[in-house]
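Participant: Sharing a structure below in structure tokens format, with a few things to ask.
The values are calculated or read from the model by the stated rules, or taken from the named source; none is laboratory data. On a predicted model such as this, the values are computed, not experimentally measured, just so you know. Cβ: placed from backbone, ideal geometry, glycine included. Neighbour counts: every protein chain shown. Note: accessible area is taken over every heavy atom of the protein model, side chains too, but ligands, DNA and RNA are not part of it. Shrake-Rupley method; radii C 1.70, N 1.55, O 1.52, S 1.80 Å.
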Amino acid sequence: MKQNLWLIGGTTESVAIALALKTYLSCLVITVTTETARSLYPPEFQIEVGCLNAKQMHIFCRQRNIGAIVDASHPYAVEVSQNASMTAKSLNIPYLRYERPLVEASVKSDRVTVLDSFETLLEGNYLDNKRVLLTVGCKALPLFKSWQERSQLWARILPKLESLQIALEAGFTSDRLICLRPPINLELETALWRQWQISLVVTKASGKAGGEDIKTQVAEKLDIPLIIISRPKICYPQQTSCINKVVAFCSQHTISNSI
């Protein structure tokens, strides 16, 4: 029986991986969590939309006869990666994590401080009396609710109703929200920081796809501190940042059994 490859997608890199595997389209199943993510892929790809928990992933792999898993989900989608890895282990399915490359320039910049977690950030005095731009995703905004009275906070979020609702419930007023979809170029990023006279920016180590390199450049240009929250530490059974190695993995474990 033909085995299929499950690509856990939704990121720009997962689109590049899908295109690299286009020759083997018939055995490639891609899952994403939103319709917006689905729109990233060309129409010829088989895309399924929805969030799968651990039990659902197990069922999915059985029903689809999954022979290998490539996890190219977002670097901060911890639960997705943990569930996929555990599912693969329980079913004895080869699993490979694609991790987008880190931005080395961020580590070397004098204007950048790298912290291990949001907890470390919020327990310190980094935000005290600052004009802070948060580019951390809407799900993290509730963590900053208690800081609304101690600093001036702006947040950049995706132009989605769900994101807006989360931000408003976290105490952000409409004049403190910037709804934009990346990528954001150097000129626009610079203008935004200047527009609100930002004195500190907080972001995540989301790589070039998340605009981390651009933010580092603007921080240097405007002499504004940039705090980067490190990626969660997860021990993957196999991991790579090379798309060619992803293709080789797929060829070895799935595609060679299905052509």
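Participant: Exactly one condition in (1) at pLDDT below 95; (2) in a helix (DSSP H, G or I); (3) open to solvent by less than 70 Å² (accessible area, probe 1.4 Å) is false for residue 23; which is it?
Facilitator: It fails just one condition, (3).
Matching residues to (1) in contact with a Pro (Cβ under 9 Å, 6 or more places away or on another chain); (2) modelled with pLDDT of 95 or more; (3) among the basic types (Lys, Arg); (4) open to solvent by less than 60 Å² (accessible area, probe 1.4 Å):
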site: 168; (1), (2), (3), (4): no, yes, no, no
site: 173; (1), (2), (3), (4): no, yes, no, no
site: 181; (1), (2), (3), (4): yes, no, yes, no
site: 193; (1), (2), (3), (4): no, yes, no, yes
site: 211; (1), (2), (3), (4): yes, no, no, yes
site: 219; (1), (2), (3), (4): yes, yes, no, yes
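Participant: Next up: When the residues of segment 141-166 are filtered to those that are in a helix (DSSP H, G or I) and among the aliphatic types (A, V, I, L, M), which remaining residue is modelled with the lowest pLDDT? Reasoning before the result, please.
Facilitator: As a first pass, look at segment 141-166 and keep what is in a helix (DSSP H, G or I): 141-147, 161-166.
Cutting the leftovers down to among the aliphatic types (A, V, I, L, M) gives us 141, 143, 161, 164, 166.
Working: 141: 97, 143: 97, 161: 92, 164: 96, 166: 97.
Result: 161.
Participant: Tell me, please, whether a residue that is touching a helix residue (DSSP H, G or I) at 6+ places or on another chain (Cβ under 8 Å), open to solvent by less than 70 Å² (accessible area, probe 1.4 Å) and under 19 Å from residue 114 (Cα atoms) can be found in segment 230-252.
Facilitator: Yes: segment 230-252 contains one or more residues that are touching a helix residue (DSSP H, G or I) at 6+ places or on another chain (Cβ under 8 Å), open to solvent by less than 70 Å² (accessible area, probe 1.4 Å) and under 19 Å from residue 114 (Cα atoms).
Participant: Are any of the residues in segment 57-64 under 27 Å from residue 204 (Cβ atoms), assigned to a helix (DSSP H, G or I) and open to solvent by 10 Å² or more (accessible area, probe 1.4 Å)?
Facilitator: Taking segment 57-64 and keeping what is under 27 Å from residue 204 (Cβ atoms), we get 57.
Those still in the list that are assigned to a helix (DSSP H, G or I) too: 57.
From the residues that got through so far, the ones that are open to solvent by 10 Å² or more (accessible area, probe 1.4 Å) too are none.
There is no residue in segment 57-64 that is under 27 Å from residue 204 (Cβ atoms), assigned to a helix (DSSP H, G or I) and open to solvent by 10 Å² or more (accessible area, probe 1.4 Å).
Participant: Could you grab me the full set of residues in segment 202-253 that are assigned to a helix (DSSP H, G or I) and among the aromatic types (Phe, Trp, Tyr)?
Facilitator: First, the residues of segment 202-253 that are assigned to a helix (DSSP H, G or I): 208-210, 212-222, 243-253.
Matches in segment 202-253: 249 only.
Participant: Just checking, does segment 35-47 include any residue being over 29 Å from residue 118 (Cα atoms), assigned to a strand (DSSP E or B) and free of Cβ contacts under 8 Å to residues at least 40 places away in the same chain?
Facilitator: At the first step, the residues of segment 35-47 found to be over 29 Å from residue 118 (Cα atoms) are 38-47.
Okay, now just the ones that are also assigned to a strand (DSSP E or B), so 47.
Narrowing the set further to residues that are free of Cβ contacts under 8 Å to residues at least 40 places away in the same chain leaves 47.
Checked segment 35-47: at least one residue is over 29 Å from residue 118 (Cα atoms), assigned to a strand (DSSP E or B) and free of Cβ contacts under 8 Å to residues at least 40 places away in the same chain.
Participant: Out of all the residues in segment 181-200, which are aliphatic (A, V, I, L, M) and either part of a helix (DSSP H, G or I) or in contact with a strand residue (DSSP E or B) (Cβ under 6 Å, 6 or more places away or on another chain) (or both)?
Facilitator: Applying the first criterion (aliphatic (A, V, I, L, M)) to segment 181-200 yields 184, 186, 188, 191-192, 198, 200.
186, 188, 191, 192, 198, 200, listed by residue number.
Participant: How many of the residues in segment 2-43 are under 21 Å from residue 87 (Cα atoms) and among the aliphatic types (A, V, I, L, M)?
Facilitator: The number of residues fulfilling the criteria is 7.
Participant: Turning to a different aspect of this structure: Can you give me the number of residues within segment 149-166 that are surrounded by fewer than 19 Cβ atoms within 10 Å (Cβ to Cβ) and of a type in the set (A, V, I, L, M)?
Facilitator: Here the count works out to 3.
Participant: Do the conditions hold for residue 215, that is, is it basic (Lys, Arg) and open to solvent by less than 30 Å² (accessible area, probe 1.4 Å)?
Facilitator: Details: basic (Lys, Arg): yes; open to solvent by less than 30 Å² (accessible area, probe 1.4 Å): yes.
Spelling it out, residue 215 is indeed basic (Lys, Arg) and open to solvent by less than 30 Å² (accessible area, probe 1.4 Å).
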